[in-house]
Amino acid sequence: MSFAIDSGFRTAAARSFFKALFRVSAVALLASSTAIAQSPPRYNLTAITRQLDQQCADGSFSGVVVIRVAGKDIFERACGMADIVNGIANTRATRFKIYSTSKFITALVVMRLVERGKMNLDAPLATYIADVPGEWSKVTVRQLLNHSSGIPDLTVGLVERFTLDHPHAMRALLAGLLPGDRSLKTAPGSSFHYNNFGFELLADAAAQATGTPFATLIEQEIFKPAGMTTASVEAPNIVMGHPLAVNEPGLAIGYNGEAGKLEQATNYAFVQLGAGAVRATVDDFIALDAAIGAGKILSRASLGEMTRTLLPDERPDSGRQFGLGIIVGVKDGVTMQGHTGGTNGYISDFEQYPEHDAMLIALTNRGFAKTRWLREEVATMLKSAR
């Protein structure tokens with residue numbers, strides 16, 4: 001999950017204001033929804049439909065869900081409000097901040113650069129970032145991708161130094177590291193510890209390896225070849241050296257709190273350029289899934305490398321393992337692979353079910369929404385349809 005960087009920036013007065021403003025009826029907020037796409041008889045969507053309808057009605061889910069098999073939608077649901085104050089409903093065309101699901105896209109960029117010889121998975125980080133401390137000299141690109149680098153998560157420090165853009169914040173952070181920040185928490189490659197900052201280092205490394213800003217690399221390497229026409233990377237919004245939240249037409253506003261007691265989230269996704277800055281629609285992910293399947297993004301060998309070695313999650317109850325920027329789980333014998341993200345006003349879940357030529361994309365602007373049940377129910381449904 002991405003670091004919830006709004007926590008230190010929202011005042012008590014603002015919290016009280018939004019609690020009062022958004023203490024409204026969940027039923028009134030979530031009356032708008034799209035029809036469920038007609039499903040082939042072999043897929044039993046009853047359990048998914050019933051539970052998601054309930055969550056839309058009680059306000060615990062607000063967003064868009066699409067399930068596809070063999071290149072066709074078998075389920076679609078849009079419900080809730082993208083913008084409560086202005087009465088704008090979520091639709092299939094609504095864009096959402098995807099937070100840590102951006103890590104999957106960052107990993108695809110890195111793997112494409114590896115294919116072209118611009119980066120090497122087993123090269124030390126210092127090969128690409130000259131100003132990293134000596135204590136990190138043995139950390140490799142691969143270890144950053146699979147969260148085994150041992151580098152401390154310094155995302156808060158990056159936020160504190162973000163007065164212009166990502167490269168300047170990174171240079172300032174690295175130049176001012178204290179001894180405790182320079183020290184590795186574990187030996188490189190020895191154990192898994194989820195680390196947002198590792199993907200900020202990957203973004204910086206890719207930019208320096210190519211001489212191209214990382215946001216431009218995402219556009220060139222992923223969005224354009226995949227046909228993700230409405231996806232974008234959140235640009236820095238800085239006023240007098242201070243970050244401000246980004247709200248744009250067509251972009252859902254994120255809400256925290258709980259159903260019926262919502263607080264508008266203040267977040268700075270642009271700070272997390274490698275770990276969480278992408279915004280997209282469900283159809284952007286459908287395009288990405290199709291492009292990956294057609295070999296337009298990576299070769300089969302590179303895709304295989306991303307899941308060749310898996311490290312167990314440090315949370316044993318998750319039932320998931322981590323590859324190179326990709327998370328793999330198994331439910332009822334069905335493999336699920338992709339990434340999840342969020343907590344700060346948004347939750348995203350992109351899952352591929354490779355043995356079934358299926359995918360799930362769930363995007364929500366409720367930071368408390370749950371999607372684990374959804375990806376697992378899809379796995380159960382796919383197994384039952386065999």
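Here M381 meets the list (1) in a strand (DSSP E or B); (2) out of contact with any Leu (no Cβ under 6 Å at 6 or more places or on another chain) almost entirely, failing just condition (1).
Pairing each residue of the range 70-85 that is closer than 14 Å to Q264 by Cα with any residue that is part of a strand (DSSP E or B) and not β-branched (V, I, T), provided the two are 6+ apart or on different chains, yields C-beta distances under 7 Å for M81/A89; A82/A89.
Within the range 210-232, is even one residue more than 30 Å from G304 (Cα to Cα) and either modelled with pLDDT of 95 or more or surrounded by 17 or more Cβ atoms within 10 Å (Cβ to Cβ) (or both)? For the range 210-232, residues more than 30 Å from G304 (Cα to Cα) and either modelled with pLDDT of 95 or more or surrounded by 17 or more Cβ atoms within 10 Å (Cβ to Cβ) (or both): absent.
Here's the yes/no breakdown for (1) hydrophobic (A, V, I, L, M, F, W, C); (2) free of Cβ contacts under 8 Å to residues at least 40 places away in the same chain; (3) surrounded by fewer than 23 Cβ atoms within 10 Å (Cβ to Cβ):
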| position | (1), (2), (3) |
| --- | --- |
| A301 | yes, yes, yes |
| P312 | no, no, yes |
| D317 | no, yes, yes |
| R320 | no, yes, yes |
| G323 | no, no, yes |
| V334 | yes, no, yes |
| G341 | no, no, no |
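Residues of the range 143-158 that are within 19 Å of F214 (Cα to Cα) and in contact with a Gly (Cβ under 8 Å, 6 or more places away or on another chain): L144, L145.
When M111 is tested against (1) surrounded by fewer than 21 Cβ atoms within 10 Å (Cβ to Cβ); (2) of a type outside the set (S, T, N, Q); (3) touching a helix residue (DSSP H, G or I) at 6+ places or on another chain (Cβ under 8 Å), just one condition goes unmet, and that condition is (1). The set of residues in the range 254-290 that are among the polar types (S, T, N, Q) and closer than 18 Å to V159 by Cβ comprises N256, T266, N267, Q272. Against the criterion of being within 20 Å of the chain's Cα centre (by Cα) and either surrounded by fewer than 23 Cβ atoms within 10 Å (Cβ to Cβ) or not small (G, A, S) (or both), I98 qualifies.
Picking from residues in the range 233-247 that are at pLDDT below 95 and β-branched (V, I, T), the one that is farthest from V271 (Cα to Cα) is V239. Taking each residue of the range 358-386 that is among the hydroxyl-bearing types (S, T, Y) and looking for partners that are assigned to a helix (DSSP H, G or I) with beta-carbon atoms closer than 9 Å, six or more apart or interchain, yields T380/A47.
For (1) in contact with a Pro (Cβ under 8 Å, 6 or more places away or on another chain); (2) over 24 Å from E219 (Cα atoms); (3) of a type outside the set (K, R), each residue gets a yes or a no:
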residue	(1), (2), (3)
R68	no, yes, no
F75	no, yes, yes
N86	no, yes, yes
V114	no, no, yes
L121	no, no, yes
P152	no, yes, yes
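The values are calculated or read from the model by the stated rules, or taken from the named source; none is laboratory data. Remember, it's a predicted structure, so these values are computed and weren't measured experimentally. With ideal geometry, Cβ positions are generated from the backbone for all residues, glycine too; neighbour counts draw on all protein chains shown.
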